[in-house]
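Novice: The structure is given below, and queries will be raised subsequently.
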Amino acid sequence: MLVWLVRVVAVVWIGTLLVVAIGTYAPRLPVLGFLGSFVTGQYPLHAALAALVGVGLGALAWGAGSPRVGGVLGALALAATVALAGVLVGQGRVAGAEGASVDWWQALTVVGQPDGHPDRTEQYGVDELGRPLSLDLYRPAGPGPHPVVVWVHGGSWVRGERDDRTALNRWLADRGFAVVSVEYRLPPPAPVGEGQRRDVAAAMAWAVAHAAEEDLDPQRLVLAGQSAGATLALSSAAGVLAGEYDVPRPRAVVAYYPVTDLRRIDRSLQDAVLGGAAAEHDAAVRAGSPADLVRPDLPPTLLVLGSADHFVFPDLVLAYDRALRDAGVPGRLLEVPHADHVFDYPFGSPGAQATRPAVAAFLAEQVGVRAR
């Protein structure tokens with residue numbers, strides 16, 4: 001009975017590891033690719049350690065009277081360990097290239113977003129139904145006036161919370177950047193696309209109006225966000241340049257894995273964002289799609305992308321980056337190997353640790369705060 005149990009546990013454990021390892025290196029495989037890139041984007045160290053445990057399970061099966069089975073399982077687990085260790089090496093190299101190193105204990109233990117404890121929560125507006133819209137302010141220590149990062153959360157335009165990157169927001173505040181994290185309108189009712197961009201602009205206007213009392217610099221505004229929030233940050237910046245919103249021009253944009261073309265999102269999301277199929281709402285599509293808004297005077301733009309993103313089509317983000325640079329827009333794209341969408345949600349993930357210094361350095365270059 002014990003021998004049988006050891007075999008079953010070893011087979012299931014190591015089989016799961018193989019799924020992750022194969023999917024990691026073949027991210028376009030159906031199902032396997034998503035599972036692999038999701039795990040190794042957020043928890044690559046946990047996966048590598050699990051593979052080492054698999055080697056031990058193979059040895060245990062060998063010692064329990066199944067040398068042939070144990071030997072095969074142990075060899076497969078060892079191969080998975082080597083493959084997953086390669087992910088750690090690759091993501092560590094990205095951090096090294098950005099002048100940082102990965103804290104592996106943090107990668108192991110900080111698996112979510114610790115509470116960044118905003119300094120103030122303020123209502124800044126209402127949606128079309130009169131529901132209040134709030135923002136969180138994260139203040140740097142020391143005297144200002146401080147540059148302001150207006151952070152726009154993700155959630156496919158239909159969900160999400162303003163505290164989705166609360167630890168990142170506090171991390172930025174500790175480095176001299178005030179952060180205004182925005183709650184924007186969500187459906188119902190739909191469409192919300194234009195209204196969400198107005199909400200982002202209204203949060204920018206709040207930072208300008210309260211600059212003196214909060215020790216903020218209204219001329220050093222930055223827009224930033226992730227996923228749908230990154231798309232809103234990019235399209236709102238273009239809207240400011242087009243004169244649609246009466247707020248200062250943003251000095252820079254930071255966009256984590258943005259959707260660049262609303263024509264490519266799921267039809268149910270098109271209904272929520274645009275009010276119907278994209279083909280029937282061309283003006284709304286163009287107003288909300290960063291790929292349609294490229295112009296030479298856009299602010300410097302940093303794009304952050306996981307190479308195995310299954311939600312925003314990396315080839316489209318790469319093409320958008322090329323379009324920006326061809327138009328003369330300063331900035332760069334930072335790509336994290338083997339990482340999927342929201343790879344940065346665990347504050348300790350190697351991808352999150354690798355990209356934070358690049359974001360801080362980019363912001364420091366654009367708004368004059370020394371990166372730390």
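The values are calculated or read from the model by the stated rules, or taken from the named source; none is laboratory data. Just so it is clear, the structure is predicted and the values come from calculations on it, not from any experiment. Note that each Cβ is placed from the backbone with ideal geometry, even for glycine, and that neighbours are counted across all protein chains shown. Protein only, heavy atoms only, side chains kept; ligands, DNA and RNA dropped before computing areas. Shrake-Rupley method; radii C 1.70, N 1.55, O 1.52, S 1.80 Å.
Novice: Among HIS210, HIS338, HIS310, determine the one that fluctuates most according to a GNM of the chain built with springs between C-alpha atoms less than 10 Å apart.
Specialist: With Cα springs under 10 Å in the chain, the top fluctuation among HIS210, HIS338, HIS310 is at HIS210.
Novice: While we're on this one: Determine how large the accessible area of GLU161 is when every protein chain is in place; take a 1.4 Å probe and give Å² rounded to the nearest 10.
Specialist: We get 110 Å² for GLU161.
Novice: For the stretch 241-304, what does the accessible surface come to per residue with a 1.4 Å probe? Please give it in Å².
Specialist: Normalised by residue count, the accessible surface of the stretch 241-304 is 41 Å².
Novice: Using only the alpha carbons, work out the radius of gyration and Dmax of the stretch 1-155 in angstrom.
Specialist: That works out to 22.9, 71 Å for Rg and Dmax.
Novice: State the Cα centre-to-centre distance between the stretch 37-52 and the stretch 311-372 in whole Å.
Specialist: First find each Cα centre; the distance between them is then 22 Å.
Novice: Please sort 102-113, 29-40 by packing, taking for each peptide the average over its residues of neighbouring beta carbons within 10 angstrom, highest first.
Specialist: 29-40, 102-113
Novice: Now, a different point. Give me the net charge of GLN270's neighbourhood, meaning all other residues with Cβ under 13 Å from the Cβ of GLN270; Lys, Arg count +1, Asp, Glu -1.
Specialist: Neighbour charge sum, excluding GLN270 itself: -2.
Novice: Between helix 228-241 and the chain, what is the angle of the helix's C-alpha long axis to the longest principal axis, kept within 0 to 90° and rounded to the nearest 10?
Specialist: Compared with the principal axis, the helix lies near 30 degrees.
Novice: Suppose every K and R has +1 on its Cβ and every D and E has -1 on its Cβ; what is the size of the dipole of the stretch 77-137 about the Cα centre, in Debye to the nearest 20?
Specialist: In total the dipole reaches around 360 debye.
Novice: Something else: Return the distance in nm (one decimal) between the two label points of a simple spin-label model at GLN123 and ASP292, each offset 7 Å from Cα along Cα→Cβ.
Specialist: Simple spin-label model gives 3.5 nm for this pair.
Novice: Right, something else. DSSP loop trypsin sites (Lys or Arg not before Pro) in the stretch 145-196 with at most 15 other Cβ atoms within 10 Å of their Cβ, which ones?
Specialist: ARG159
Novice: Another question about this same structure. Under a plain spin-label model, where a point goes 7 Å from the Cα along Cα-to-Cβ, how far apart in nm are THR16 and SER101?
Specialist: Label at THR16, label at SER101, 3.2 nm between them.
Novice: Once semi-axes √(5λ) of the Cα gyration tensor in Å is worked out from the coordinates, which option in (1) 59, 21, 16; (2) 52, 25, 17; (3) 41, 23, 18 does it equal?
Specialist: The value computed from this structure is option (3).
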